[in-house]
């Protein structure tokens, strides 16, 4: 494993966590704050955002209600962030919607919403935050395609389409950044016990899934990559979470 003294430090790094009110996002925020990072929070639920920020002594000017389907709110968030700091050092995109349905039950509106949130939303985030990173030539962008962005399953046509698109988009952007020190990392998570499963009609053993706090620890680790290299991708899955 990498030696700690050769890892990137988080102390005073400016980190934006989008999707900060989810189980993984909130746990990630907590770990980042404990490591001395200057954490900026974004999500749709303003009340929960404020509660999380207050519980972790994060200034409210670093808290942003944002709708990833609305380009204006994403651009406004980026502008307000850059009024406070020159750049975001680390962008953690922990947003996304899960939709698992057989093809005959999947509507066009649901398919489009999956693409809009999971793919277009990531596009808007990167487009808003990347210019600041380019000015310094340094930064880290972490996305969470989920394991269904690597290995599809039945009923995941919309979700996998959005996540495969995300992977392809980030691989292309990585090629544009070859001559910089901006890292691109995808973490493929499968079977995390989170709100993802709350509205999905599948019988799964959630007690055998990866806990949200352990998933967050993986993200926290990826925020401290070796100074001389990049972790392009990580796969984190439970031992067994097969349907019963």
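Kindly establish whether residue 140 is in contact with a helix residue (DSSP H, G or I) (Cβ under 7 Å, 6 or more places away or on another chain), buried (at least 23 other Cβ atoms within 10 Å of the Cβ) and closer than 26 Å to residue 8 by Cβ.
Numbers: in contact with a helix residue (DSSP H, G or I) (Cβ under 7 Å, 6 or more places away or on another chain): no; buried (at least 23 other Cβ atoms within 10 Å of the Cβ): yes; closer than 26 Å to residue 8 by Cβ: yes.
Considered against the rule, which asks whether it is in contact with a helix residue (DSSP H, G or I) (Cβ under 7 Å, 6 or more places away or on another chain), buried (at least 23 other Cβ atoms within 10 Å of the Cβ) and closer than 26 Å to residue 8 by Cβ, residue 140 comes out as no.
Looking at residue 19 and the list (1) under 17 Å from the mean Cα position of the chain (by Cα); (2) on the phi < 0 side of the Ramachandran plot; (3) surrounded by 15 or more Cβ atoms within 10 Å (Cβ to Cβ), which single condition is not satisfied?
So residue 19 meets the others, but not (2).
Just wondering, is there one or more residues in region 149-164 that are more than 20 Å from the chain's Cα centre (by Cα) and either at positive phi or in a helix (DSSP H, G or I) (or both)? If you could, list the steps in order and put the result at the bottom.
Initial filter on region 149-164 (more than 20 Å from the chain's Cα centre (by Cα)): 153-155, 157.
Filter once more, keeping what is either at positive phi or in a helix (DSSP H, G or I) (or both): 155, 157.
Yes, some residue in region 149-164 is more than 20 Å from the chain's Cα centre (by Cα) and either at positive phi or in a helix (DSSP H, G or I) (or both).
Name the strands (runs of 3 or more DSSP E) wholly inside region 33-121 in which the number of residues that are touching a residue at least 40 places away in the same chain (Cβ under 8 Å) and either touching a strand residue (DSSP E or B) at 6+ places or on another chain (Cβ under 8 Å) or over 29 Å from residue 154 (Cβ atoms) (or both) is 2 or more. Steps first, please.
Values: elements: 38-43, 63-65, 90-93.
Filter on region 33-121 gives 38-43, 90-93.
Is at least one residue of region 15-26 without any contact (Cβ under 8 Å) to a residue 60 or more places away in the chain and farther than 10 Å from residue 94 by Cβ?
Looking for residues that are without any contact (Cβ under 8 Å) to a residue 60 or more places away in the chain and farther than 10 Å from residue 94 by Cβ, one finds none in region 15-26, hence no.
What do you reckon, is residue 174 in contact with a strand residue (DSSP E or B) (Cβ under 6 Å, 6 or more places away or on another chain), modelled with pLDDT under 80, on the phi < 0 side of the Ramachandran plot and surrounded by fewer than 18 Cβ atoms within 10 Å (Cβ to Cβ)?
no
Any residue in region 79-86 that is buried (at least 21 other Cβ atoms within 10 Å of the Cβ), at pLDDT 95 or above, touching a helix residue (DSSP H, G or I) at 6+ places or on another chain (Cβ under 6 Å) and closer than 22 Å to residue 140 by Cβ?
Pass one, region 79-86, residues buried (at least 21 other Cβ atoms within 10 Å of the Cβ): 81.
The next check asks that each one be at pLDDT 95 or above; those that pass are 81.
Okay, now just the ones that are also touching a helix residue (DSSP H, G or I) at 6+ places or on another chain (Cβ under 6 Å), so none.
Within region 79-86, none of the residues are buried (at least 21 other Cβ atoms within 10 Å of the Cβ), at pLDDT 95 or above, touching a helix residue (DSSP H, G or I) at 6+ places or on another chain (Cβ under 6 Å) and closer than 22 Å to residue 140 by Cβ.
The values are calculated or read from the model by the stated rules, or taken from the named source; none is laboratory data. A quick note: this is a predicted structure, and the numbers were derived from the prediction, not measured. Ideal geometry is used to build each Cβ from the backbone, glycine not excepted, and the neighbour counts take in all protein chains shown.
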